[in-house]
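Participant: Below you'll find the structure I mean.
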Amino acid sequence: MRALQKSAEKAAEIIKEHEYARVISHYDADGITAAGIICNGLLRRGIQFHTSIVNKLERPFIQGLNEELIIFCDMGTAQVDLILEYLKDKDVIIIDHHEPLTLISAPTSQASSLVLINPCCLSVEGEGKGKGEREMESEIGGEICAAGISYLVARCMSGDDKDNIDLAGLAVAGTLGDKLELNSGINKMILDDAIKEGVISVKKGLKLGEGKIRDLILLSTDPYIPLAGKVEWVDAFLNKVGIEGDKKVSDLEEEEERRLTTALVSLLRESKTGISEDALVGTTYILNSEVVRNGIEFMRMVDACGRFGKAGIGIGLCLREERMIEEATSLYVKFQSKLVSELNRIESEEGIIKELPNIFYFYVHEKGITGVLAGIVAEYLYTGKPVIVLNKKNGAEEGVKAETKISARCNKKLLLASEGEREGEGEGEGIDLAKAMEKASKEVEGFGGGHPVASGASIPEGSEEKFIDILDRIIGEQKVKNS
């Protein structure tokens, strides 16, 4: 924590020396909320900025940056060499939580103007520290997202103990987006401070978001409710339970919510999915300072904006522009409808999910939902092996070389043995998707990486089957090595 705070303070001091900043971030919920936090911090200090939300960082893009202050959020660690090559005369801040493909430490010796704030690198930087301290810093890396780190930087930018604490809601939304725990480590510290100041409220209840009950069930993909997308089934279910579909979750009487919850839990137990009661019922977070107060709903709306190429609307929500709510809601409904369509296709058609010794894989029809869909399938439907989802792009239309985007997800029980032991979940199977995807993609002249439980890759079109065979072999080797 001390090293992370020190890096955040150094970054804040550099930022405050400038009148203009270029902010570059990833397009998912964590990336957009991380950028939103930084943009709010800059705005409040009177620093002008230009924000770009991107899918990936490539050499031409980095080479073309010419601003004096450049802030990368939720990306940049893997491109440190390129950043040092092309931006060595600039002030650069990297706010990231992705594990580097090769061991690196904060590269201050090569460029004092570059500050790398990535908890995954702290244990490398602190090799001379005691074992307990290294373990603590390594644990931080596994549980804090880019939005959480951006929040620490924003707090340091303010110069006041309570200034910018209202941005904690955005940090929580980013944490929810990356499915990280909020009940331990720095995340808990951020949450507790925010609750104390009234920025965030918590309550127990259904984790469906906010809105009309009927619509929420029809579009419920995480948690995945088997009624999703089936209008007649949903109407029959609500009629049987005696709940008005047009009622909002927040308008339900205590007895009505209890009755609905009991019926949904019973439905999940009868289904063949791997959905636990905890996925449906638990702590919900109310973001009292944001234009959309339900934490899950806010996160999903921001995420949908990014995945449909409308990240500016997501940033607008983070800047508390109420006029953005309607369009963001429309994008969210469109996104959920695509997910439901794919899930219903998987459920109704045989042979879509293909199985190899160490993985499940399939091709997605809808675009823009690959990673989220992979996560849902791996979490609830096919939990015994990693799930690989392939999405072919039309390179001719985009004017670029045709490539296939791939997302890989796995249940936490399949992670590395050390992680499983730490979380009390047994020894796991030794799987690390980040390393497997990075290695397999390189063998077909693509690139990939990410987290052990969630990773992605882009490969040349036509190399899909070769990639799948290589990935299956690598994951099999990981399981044998760690058994």
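Participant: If I ask for residues that are in a helix (DSSP H, G or I) and either surrounded by fewer than 16 Cβ atoms within 10 Å (Cβ to Cβ) or under 27 Å from the mean Cα position of the chain (by Cα) (or both), which ones from the stretch 264-285 would you list?
Facilitator: Passing the criteria: LEU264, VAL265, SER266, LEU268, ARG269, GLU270, GLU277, ASP278, ALA279, LEU280.
Participant: Condition (residue is outside the structural domain of LYS179 (by TED's automatic domain parsing) and modelled with pLDDT of 95 or more) applied to the stretch 389-401: is it met by at least one residue? Walk me through how you get there before you give the answer.
Facilitator: In the first step, residues of the stretch 389-401 are kept if they are outside the structural domain of LYS179 (by TED's automatic domain parsing); the result is 389-401.
Narrowing the set further to residues that are modelled with pLDDT of 95 or more leaves 389-390.
Yes, the stretch 389-401 contains a residue that is outside the structural domain of LYS179 (by TED's automatic domain parsing) and modelled with pLDDT of 95 or more.
Participant: Exactly one of these conditions fails for GLU327: (1) farther than 16 Å from VAL377 by Cβ; (2) touching a strand residue (DSSP E or B) at 6+ places or on another chain (Cβ under 8 Å). Give me its number.
Facilitator: Condition (2) is where GLU327 drops out.
Participant: Now for a different question. Could you run through the stretch 254-263 and say how many residues are surrounded by fewer than 21 Cβ atoms within 10 Å (Cβ to Cβ) and touching a residue at least 24 places away in the same chain (Cβ under 8 Å)?
Facilitator: Qualifying residue count, the stretch 254-263: 3.
Residue by residue, here is whether (1) β-branched (Val, Ile, Thr); (2) assigned to a strand (DSSP E or B); (3) surrounded by 18 or more Cβ atoms within 10 Å (Cβ to Cβ); (4) modelled with pLDDT of 80 or more holds:
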{"site": "LEU116", "(1), (2), (3), (4)": "no, yes, yes, yes"}
{"site": "VAL124", "(1), (2), (3), (4)": "yes, no, no, no"}
{"site": "SER138", "(1), (2), (3), (4)": "no, no, no, no"}
{"site": "GLY142", "(1), (2), (3), (4)": "no, no, yes, no"}
{"site": "ALA147", "(1), (2), (3), (4)": "no, no, yes, yes"}
{"site": "SER150", "(1), (2), (3), (4)": "no, no, yes, yes"}
{"site": "VAL153", "(1), (2), (3), (4)": "yes, no, yes, yes"}
{"site": "ASP163", "(1), (2), (3), (4)": "no, no, no, yes"}
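Participant: In the stretch 179-186, is there at least one residue being without any contact (Cβ under 8 Å) to a residue 60 or more places away in the chain, assigned to a loop (DSSP other than H, G, I, E, B) and surrounded by 23 or more Cβ atoms within 10 Å (Cβ to Cβ)?
Facilitator: no
Participant: Considering only the stretch 195-224, state which residues are without any contact (Cβ under 8 Å) to a residue 60 or more places away in the chain, among the β-branched types (Val, Ile, Thr) and out of contact with any helix residue (DSSP H, G or I) (no Cβ under 6 Å at 6 or more places or on another chain).
Facilitator: Residues satisfying the conditions are ILE195, ILE213.
Participant: In the stretch 286-323, which residues are closer than 21 Å to LEU219 by Cα, buried (at least 23 other Cβ atoms within 10 Å of the Cβ) and among the aliphatic types (A, V, I, L, M)?
Facilitator: Listed by number, the residues that qualify are VAL292, MET299, MET301, VAL302, ALA304.
Participant: Residues that are at pLDDT 90 or above, over 25 Å from GLY449 (Cα atoms) and of a type in the set (A, V, I, L, M): which helices (runs of 4 or more DSSP H) entirely in the stretch 1-114 hold 2 or more of them? Give the steps one after another, and end with the answer.
Facilitator: On the way: elements: 2-16, 29-44, 59-63, 80-86.
Helices (runs of 4 or more DSSP H) meeting the threshold: 2-16, 29-44.
The values are calculated or read from the model by the stated rules, or taken from the named source; none is laboratory data. Keep in mind it's a predicted model, so treat the numbers as computed, not measured. Counting neighbours? That spans all protein chains shown, and the Cβs are built from the backbone with ideal geometry, glycine included.
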